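Structure first, commentary second.
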Amino acid sequence: MIAKVEIFTFNILNKSNNDVKIKFEDETLKEIFKYLKKNMPNKINQFPPGKDKKTFKIDTYIDEKSKQKKSYFEFSEKNKRLEGVFVVGSDADKVLKFTSADKHKKESGQKEKGVNIDNNHYFQILFIEGSDTGFIVLEKNQKSCKKEFCNILESILNELYSGIKLSVKQFIEREFYINYLKEGNYNSITCVRKGVKTESNDGILNIINQGTYKIETKLTTSGDLTTRIKNKIVNAFEDRKNFIEIPEFDELNYNINNGSYLIINSEYNGKSRTIDLSNVLKVKPIYDLDDVKENSDGNPNFKSIRNKVNELLTELDINIY
């Protein structure tokens with residue numbers, strides 16, 4: 001199955017002064033982490049419904065070996081990670097009819113008022129040691145649970161530190177790639193143009209079989225040319241332009257009008273990364289996780305989605321695993 005997740009960054013701020021952020025280091029991090037791992041499941045389960053009658057709890061399962069009921073809540077001291085399955089019950093004020101999921105679309109009963117429909121959401125909270133910024137990963141199942149989850153998390157943290165608030169922002173992948181584009185050393189710049197037909201009179205295509213081709217021009221020249229182009233790429237990226245309109249590429253017939261794009265291979269902090277600017281320039285608030293194993297109830301398998309989330313975070317270069 002395909003699971004969808006949202007990624008957010010968070011800071012713990014002083015309510016009276018937003019410039020004061022709690023830094024996750026030494027005893028402070030230990031205190032926060034210890035409090036959450038001990039209290040978070042019960043605090044969520046005991047959190048009262050609001051005016052919208054939504055209910056919240058940590059999902060449970062029957063352990064195969066012990067036959068005991070256990071909560072989907074785990075933590076890693078080493079990685080400063082807390083994770084589990086957050087359940088949001090909603091629609092208590094509605095009568096909802098059910099229909100069979102086949103071509104017959106038969107009526108299959110209905111949910112009466114006063115009963116919620118539960119939606120499961122995998123979550124992961126990550127503290128980056130030595131930083132004032134952490135990460136929250138939330139599965140998007142039908143709807144986002146960001147508002148509900150973050151409100152409860154803020155409430156729990158206020159029991160530990162009164163007078164704080166949680167500042168949560170959408171994680172934008174491009175903010176991490178700028179280090180590779182601006183500070184990194186370029187190994188190569190590749191110009192790409194797809195869907196080029198032989199009748200376009202485009203150079204070498206005149207002497208090969210008829211068809212549609214993808215053309216690539218790879219620049220590996222160092223020195224002034226690379227530096228000059230690099231500065232233009234960075235400026236365009238920071239200005240959020242959809243395509244890098246650079247005369248040097250236009251002379252090679254790579255431009256915005258024919259759907260061309262750039263692929264940069266850059267090395268930063270000892271790591272080499274290939275960056276497809278046709279994708280990076282798009283804001284991707286929701287990430288698809290392919291090949292997640294599915295439980296019999298139709299929800300993602302806990303271990304499977306956890307592994308896929310960790311792979312995604314590693315791919316995004318968050319440097320926690």
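The values are calculated or read from the model by the stated rules, or taken from the named source; none is laboratory data. Because the structure is predicted, anything quoted here is derived from the model rather than measured. Backbone-built Cβ (ideal geometry, glycine too); neighbour counts: all protein chains shown. Side chains are part of the model used for accessible areas, which takes the heavy atoms of the whole protein and leaves out ligands, DNA and RNA. Shrake-Rupley method; radii C 1.70, N 1.55, O 1.52, S 1.80 Å.
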Which residue, 35, 158, 61, has the largest displacement toward the positive end of the dipole of the stretch 1-158 when charges sit on each Cβ (Lys, Arg +1; Asp, Glu -1)?
61
DSSP beta bridges in the chain [antiparallel fraction, %, rounded to 5]:
100 percent
Have a look at 17, 110, 7 and report the one farthest towards the positive end of the charge dipole of the stretch 1-152, computed about the Cα centre with Cβ charges (Lys/Arg +1, Asp/Glu -1).
110
Expressed as a whole-number percentage, the relative contact order of the chain with C-alpha contacts under 8 angstrom and at least six residues apart is 20 percent
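Would you please name the GluC sites (Glu not before Pro) within the stretch 66-138 that are DSSP coil residues with at most 10 other C-beta atoms within 10 Å of their C-beta?
Qualifying residues, ordered by number: 77, 112.
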Where labels lie 7 Å past Cα in the beta-carbon direction, separation of residue 257 and residue 21 in nm:
4.5 nm
Given springs between every Cα pair under 10 Å in a Gaussian network model of the chain, which of 76, 90, 296 has the largest fluctuation?
296
What nm distance separates the two modelled labels at residue 146 and residue 68, each placed 7 Å from Cα along Cα→Cβ?
3.8 nm
Relative contact order of the stretch 22-165: what whole-number percent is it, with Cα pairs under 8 angstrom and at least 6 residues apart?
22 percent
Quick check for you: with a 1.4 Å probe and neighbouring chains kept, what is the accessible area per residue of the stretch 105-155, in Å²?
49 Å²
Rounded tilt (10° steps) of 224-238 against the dominant C-alpha axis of the chain:
40 degrees
What angle, in degrees between 0 and 90 and rounded to the nearest 10, separates the Cα long axis of helix 302-315 from the longest principal axis of the Cα atoms of the chain?
30 degrees
Could you state the principal axis extents of the C-alpha atoms in the stretch 139-202, from the largest down, to the nearest angstrom?
69, 36, 13
Identify all aspartates and glutamates with a Cα-Cα distance to residue 51 below 15 Å; exclude those on the same chain that are fewer than 8 residues away in sequence.
91, 93, 148
Translational diffusion coefficient (Stokes-Einstein; Kirkwood radius from C-alpha pairs) of the stretch 1-150 at 25 °C, 0.890 mPa s, in µm²/s
138 µm²/s
Two pseudo-spin positions, 7 Å from Cα along C-beta at residue 165 and at residue 110, lie apart in nanometres by 4.2 nm
Hey, any idea what % of the stretch 107-179's accessible area is carbon plus sulfur with a 1.4 Å probe?
42 percent
List the lysines whose alpha-carbon lies under 27 Å from that of residue 106, not counting same-chain residues fewer than 8 positions away?
94, 97, 143
Where Rh denotes the Kirkwood radius from the mean inverse Cα pair distance, what is Rg over Rh for the stretch 98-149?
1.24
Roughly speaking, what is the stretch gain from residue 52 to residue 274, that is 0.36 nm per residue apart minus the C-alpha to C-alpha distance, in nm to one decimal?
75.3 nm
With -39,500 (n - 2.57) per DSSP H segment of 4 or more residues and division by the full residue count of the chain, the 222 nm estimate, nearest 500 deg cm²/dmol, is -7500 deg cm²/dmol
Using Cα springs under 10 Å in a Gaussian network model of the chain, which residue among 94, 80, 293 shows the largest mean-square fluctuation?
94
